[in-house]
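Notes follow once the structure below has been shown.
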Amino acid sequence: MAVRTLDITALTCPMTWVRTKLELERMAPGEALEVRCAEGEALENVPRSAAAAGHEVRVSGPIVRIVRR
Amino acid sequence: MSSDRRAFFRTLASAARDVAQPAAPDVEAPDAVGPWLDRYSRQLVLPEWSEAAQRTLAAASVLVVGAGALGSPVATYLAGAGVGRLGIVDDGDVELSNLHRQHLHFTPDLGVPKARSAVAKLAYLNPEIVIEPYQAAFGAAMVEGHDLVVDCTDSFTARYAVNAACCAARVPLVEAGVVGMSGLVMAIRPGETACYRCAFPAPPADAASCAEAGVLGPAAGVVGSLQALEALKLLAGLPALTDAFLQVDLAGLDFLRVAVRRRPQCPDCSAA
């Protein structure tokens, strides 16, 4: 299955999670999304918000990989 | 119209034009964060809300009956939330005694029809939606074609008329009333859940309107805000205050949810 990508390095809170959340809403369960985050707020909050929403999350460097639940 | 008031509306109208944005959502562009996304971001971010809910709201048509103490918060929140088409019904003019609780009307609006005064502010708040004034008394035919009606009238007679019209047309409805320091709110899906007449088959003998009994502005604001909340829930398909009403006592700060059942013999909804 093709992995979707999203670059939110130019965004600030809460648009970082809003944009990621809307992208996830358009995906099918089990589909993966790789989100490129800026250091700091986005890299701290996006994985936390995604996990709180019940998605599977893995962080490697600036990339947050989220598998839609 | 005094020149002060003309200037006031001129300023308001030109300011609304200045902030007008293209209505087309640009969320399709992968990395763009447009005004649409920005305007609704604080509700889109909620786990309970979604792009689908936002689009449902944008496609919805809602009739707000009454542009007074309840209609002010209701219309303000529905316009702000992005309901695509709002109709505002009121056949009265703005009076000095309205201003303490009807926050869509300002002192320069005295004497202006309330429907028009309300629409001027709402267009300023959200120029991306369509808002239509109905400067007339409520008529049953008005509910046709709407996805939801919010009853912000101030008497049992008027509320029964709106309830009966919504039941006949099977249009979902949010009822509310406020007097003094207390009020109630009720969400209704005609034909599925208890209607206002099921909950209150006859008006209480000592029913007073807020014109006689008075009301504190924030008390009406709380009840109207709850009404707007229930309207958004009904539109988005979220669980709402149906088959029950919420009794709100703002003196003691007590909220009581009272269960209500449909009445098989209800003159308003039994045929719905």
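So here's what we get for this one:
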{"item": "Förster-model FRET efficiency, 51 Å R0, residue A:44 and residue B:192, C-beta, rounded to 0.05", "result": "0.70"}
{"item": "With eigenvalues of the C-alpha gyration tensor scaled by 5 and rooted, chain B, Å", "result": "29, 24, 17"}
{"item": "√(5λ) per eigenvalue of the Cα gyration tensor, the stretch A:4-67, largest first, Å", "result": "16, 12, 11"}
{"item": "Only Lys, Arg (+1) and Asp, Glu (-1) charged, at Cβ; chain B dipole about Cα centre in debye", "result": "200"}
{"item": "Using a Förster distance of 25 Å, the FRET efficiency for residue B:155-residue B:125 (Cβ separation, nearest 0.05)", "result": "0.35"}
{"item": "Extension reserve of the residue B:137-residue B:56 stretch, reckoned as 0.36 nm per residue once the Cα distance is removed", "result": "26.3 nm"}
{"item": "Residue order, fewest to most beta carbons within 10 Å, for B:114, B:233", "result": "B:233, B:114"}
{"item": "Low-density loop positions, trypsin sites (Lys or Arg not before Pro), the stretch A:1-33 - DSSP coil, at most 16 other Cβ in 10 Å", "result": "A:26"}
{"item": "Loop sites in the stretch A:1-61: GluC sites (Glu not before Pro), DSSP, at most 15 other Cβ within 10 Å", "result": "A:31, A:39"}
{"item": "Cα→Cβ-extended label distance, 7 Å offset, between residue A:36 and residue B:265, nm", "result": "7.2"}
{"item": "For the protein assembly as shown, radius of gyration divided by Kirkwood radius, i.e. Rg to Rh on alpha-carbons", "result": "1.03"}
{"item": "Ordering of B:79-92, B:60-73 by packing [mean C-beta count within 10 Å, highest first]", "result": "B:60-73, B:79-92"}
{"item": "GluC sites (Glu not before Pro) restricted to DSSP loop in the stretch B:178-258 with at most 16 other C-beta within 10 Å", "result": "B:192"}
{"item": "For chain B, built as a Gaussian network whose Cα springs stay under 10 Å, the top-fluctuating residue of B:162, B:258, B:174", "result": "B:258"}
{"item": "Chain A: antiparallel DSSP beta bridges as a percent of all, rounded to 5", "result": "70"}
{"item": "Of all DSSP beta bridges in the protein assembly as shown, antiparallel share, percent nearest 5", "result": "55"}
{"item": "Spatially proximal aspartates and glutamates relative to residue B:114 (Cα-Cα < 16 Å; intrachain offsets below 8 disregarded)", "result": "B:90, B:91, B:93, B:95, B:132, B:151, B:154"}
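Where a number appears in this text, it was derived from the coordinates with a stated rule and is not lab data. Owing to the predicted nature of the structure, the values given are computational and were not obtained by experimental measurement. Every residue, glycine as well, gets a Cβ built from its backbone with ideal geometry; the counts of neighbours run over all protein chains shown.
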